[in-house]
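> The structure's right below; bear with me while I get my questions together.
The values are calculated or read from the model by the stated rules, or taken from the named source; none is laboratory data. No experiment lies behind these values; they were computed from the predicted model shown. So basically every Cβ, Gly included, is an ideal-geometry build from the backbone, and we count neighbours across all protein chains shown. The accessibility values were calculated without ligands, DNA or RNA, using every heavy atom of the protein model including side chains. Shrake-Rupley method; radii C 1.70, N 1.55, O 1.52, S 1.80 Å.
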Amino acid sequence: MTIYNIDRQAGYLSFYPAAAERTLRQFIAAFWFEGALQGHLERYSDGRARLHVSGQDEQGLRVEYWIAAGPVRSFGRSRLHGPVFDTGSAKATHDIAAVAGNLLRQQASQNSTRFIEELLHTAAKQACSLQAQALTTKNNAVLDLPYAWQEAQLGEGHLYHPCYRSRMGFSLTEHQRYGPEFAQAFGLVWLALDRQLGAIHARPGSDYARFLQAELGNEELARLQAAIKALGKDSDGYYLVPAHPWHWQHSLQIRYADWLADGRLLYLGAGDCAWLAQQSIRSLTSLASHASHNLKLPLGIANSSADRILSDHHVHNAPLISAWLDRLCTDDAFLRQHCRLAILAEPMGITLTPAASRQDRYGLLGAIWRQSPTSILRQGEQVFPCTALTSLDDRQQLNISPWLQQHGTQAWVDALLQAMLPPFIHLMLAHGVLLEAHAQNTLLILKDGLPSGVAIRDLPGGLHYIAGKTTHEAQLQHLRQAPAHRNAANASNGFAMQTTSEARDYLLEVLLFIHLSELAHRLERHHDFAESRFWQLAAHVVQRYQARVPELATRLAQFDLFAPQIQMEKLASRRLSAARSQEFHAVPNPLHEFLSQPGA
């Protein structure tokens, strides 16, 4: 099935102004919200508003820009609209390097140059993506497409982070070849790794060879084993390892040239199965069978200012976390009876042994297999990517508008919140478990277009827990922590959180701010459904949950989900400090306003 028919050599430049406009707008919006820009918000008697921001040019002279702003809404944000204007010339500007350079110059950060480069890559690649959107074939309604193509077609990139499509490392041609929104299927490269250098991480009772046989089929497995023998090696002495074709070409064959030369690593050529990139780019869906596991591979690019390798400790932890979460959810009566929470388990992974791993090529070789979203569906259910909830059609209405019309917007939103909020809140309150439930990690389960549950993925990269207050916490002592050099490059508190307020703020930031606030904003802007009503419904869902778990009243008081403010991480501007430290700012909690109102 082909969704895009793209002329890669022409046309995308006509979309560049719109791409640059969005990139500049997200940059200014995020940095202003995080207190990282100088300026002021000016409101006029006719209801209009402008955000004025200032900086210095290369000669040290003051420069100022302005952009239209909306009213203050969720989390104290004033959404920005339209292009950025240079106050001096009174003209709109799409000069990302000049605007960002001038606004960031006074911060004197050594990382500003890198950050601006990411912005430039983002705009150019977004222009290609906009071209793909415009050329999308309209043979099927998007809600009726198979899940793999929904995830590919409907992604807009991160709606908050300025570098939402930077994909540093991809050329524009490679961006169009491997970016999910272009829906171009490709084959994997297969390698063979000396068994003494490889480490298999699996759920108890699983065997790597049998697992691969089930995934690949007898014929493909035999073909790959024959390729090992054709190189004069014994197939029993090697583990088969898949690799992304871009990663093989640009990273592995260079970084592991010594192993390839002496036979510790063998190149076996392309596999015979077609794969489609998911929105994380490095996670892939097999087009051979809907029941096959998805595959997560290292990819030597950076996107949203983070590298996309596959850390050894994540591969090690994936099966452990999968088994632990499965037991925890199965044993919990509330989750069984009142929620539809599907854990997309990661039962199998391969990486290097600790002795074979080196810092200069850490996380470049390995794989994790993840349960397919379609494999967990029950009769009458469908799965839908949460990143697509905010996507717009040609009429500037949400793609989910047929469902909103079918069930009524308020009833649909209430069902969404009922499916989404209780399971993640309950995991935190009852078990001390935090899952990174942002839109890319969560998938909506629906029946007849109405939300009925949620699935969660990327378990090792998104797990946190409250130290000393977590169910079966002793089992988590077996988790492998990130090496020091990884924490130095990407500041993190690790898995464990120390306080209930820290845990609450994290969950509300990820689930409400990064995820649901974007839908609340677009429902108001495109469907006349007020943001305040969205949060009122969310508050009512939380209150109904509270009424169902009276035994957790003490825990509910401790976590104080309706606190006036929460501390949120500065996700965008922290990149100027090379992410070596976490910085936070206080924002209003949208649930607080409805604390005194009884649940509906």
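> Is there any pair with a first residue in the stretch 220-238 that is within 13 Å of L265 (Cα to Cα) and a second that is in a loop (DSSP other than H, G, I, E, B) whose Cβ atoms are under 7 Å apart and which are 6 or more apart or on different chains, and what are they?
Taking only residues 6 or more apart or on different chains, the pairs are K233/G263; G237/R195; Y238/R195.
> So, one more: Answer yes if at least one residue in the stretch 193-206 is open to solvent by less than 20 Å² (accessible area, probe 1.4 Å) and either touching a helix residue (DSSP H, G or I) at 6+ places or on another chain (Cβ under 7 Å) or of a type in the set (V, I, T) (or both), and no otherwise.
no
> Quick one: which residue in E531, E518, E583, E524 is closer than 22 Å to S74 by Cβ, open to solvent by 40 Å² or more (accessible area, probe 1.4 Å) and in contact with a Ser or Thr (Cβ under 8 Å, 6 or more places away or on another chain)? Explain how you work it out, then say what you get.
Details: E531 fails: open to solvent by 40 Å² or more (accessible area, probe 1.4 Å); E518 fails: open to solvent by 40 Å² or more (accessible area, probe 1.4 Å); E524 fails: in contact with a Ser or Thr (Cβ under 8 Å, 6 or more places away or on another chain).
Step by step, each of E531, E518, E583, E524 is checked, and only E583 is closer than 22 Å to S74 by Cβ, open to solvent by 40 Å² or more (accessible area, probe 1.4 Å) and in contact with a Ser or Thr (Cβ under 8 Å, 6 or more places away or on another chain).
> So, one more: Any idea which residue in the stretch 207-246 is most open to solvent (accessible area, probe 1.4 Å), counting only those that are among the acidic types (D, E) and in a helix (DSSP H, G or I)?
Of the stretch 207-246, the ones among the acidic types (D, E) are 207, 215, 219-220, 234, 236.
Still in the list and also in a helix (DSSP H, G or I): 215, 219-220, 236.
Working: E215: 46, E219: 158, E220: 9, D236: 112 Å².
The qualifying residue most open to solvent (accessible area, probe 1.4 Å) is E219.
> How many residues are farther than 15 Å from Y164 by Cβ and of a type outside the set (G, A, S) if we restrict to the stretch 16-55? First the steps, then the outcome.
Step one: list which residues in the stretch 16-55 are farther than 15 Å from Y164 by Cβ, which gives 16-17, 32-55.
If we keep only those that are of a type outside the set (G, A, S) as well, we get 16-17, 32-34, 37-38, 40-44, 46, 48, 50-53.
Looking only at that region, the number is 18.
Yes/no matrix, rows are residues, columns are (1) farther than 23 Å from P385 by Cβ; (2) surrounded by 22 or more Cβ atoms within 10 Å (Cβ to Cβ); (3) of a type in the set (A, V, I, L, M); (4) out of contact with any Gly (no Cβ under 8 Å at 6 or more places or on another chain):
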residue: L325; (1), (2), (3), (4): no, no, yes, yes
residue: C329; (1), (2), (3), (4): no, no, no, yes
residue: F334; (1), (2), (3), (4): yes, no, no, yes
residue: H338; (1), (2), (3), (4): yes, no, no, yes
residue: T351; (1), (2), (3), (4): yes, yes, no, no
residue: Q359; (1), (2), (3), (4): yes, no, no, yes
residue: G366; (1), (2), (3), (4): yes, yes, no, no
residue: R370; (1), (2), (3), (4): no, yes, no, yes
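> Next up: Could you please give the count of residues in the stretch 372-386 that are in a helix (DSSP H, G or I) and open to solvent by 30 Å² or more (accessible area, probe 1.4 Å)? First the steps, then the outcome.
Filtering the stretch 372-386 down to residues in a helix (DSSP H, G or I) leaves 373-376, 386.
Checking the rest, the ones that are also open to solvent by 30 Å² or more (accessible area, probe 1.4 Å) come to 374-375.
Within the stretch 372-386, residues that are in a helix (DSSP H, G or I) and open to solvent by 30 Å² or more (accessible area, probe 1.4 Å) number 2.
> If you check S391, S401, which single one turns out to be modelled with pLDDT under 95, open to solvent by less than 20 Å² (accessible area, probe 1.4 Å) and either polar (S, T, N, Q) or farther than 27 Å from R336 by Cα (or both)? Give the derivation first.
Details: S401 fails: modelled with pLDDT under 95.
One residue alone meets the criteria, S391.
> Taking R395 and the conditions (1) out of contact with any helix residue (DSSP H, G or I) (no Cβ under 9 Å at 6 or more places or on another chain); (2) closer than 27 Å to D528 by Cα; (3) free of Cβ contacts under 8 Å to residues at least 40 places away in the same chain, which numbered condition does it fall short on, given that it satisfies the others?
The single condition R395 does not satisfy is (1).
> Only one residue in A345, A356, A302, A288 is of a type in the set (A, V, I, L, M), modelled with pLDDT under 95 and in a loop (DSSP other than H, G, I, E, B), so which one is that? Steps first, please.
On the way: A345 fails: modelled with pLDDT under 95; A356 fails: modelled with pLDDT under 95; A302 fails: in a loop (DSSP other than H, G, I, E, B).
On inspection, the qualifying residue turns out to be A288.
> Mind checking which residues of the stretch 155-182 are in a loop (DSSP other than H, G, I, E, B), open to solvent by less than 10 Å² (accessible area, probe 1.4 Å) and either hydrophobic (A, V, I, L, M, F, W, C) or farther than 30 Å from R114 by Cβ (or both)?
Within the stretch 155-182, C163, F170 qualify.
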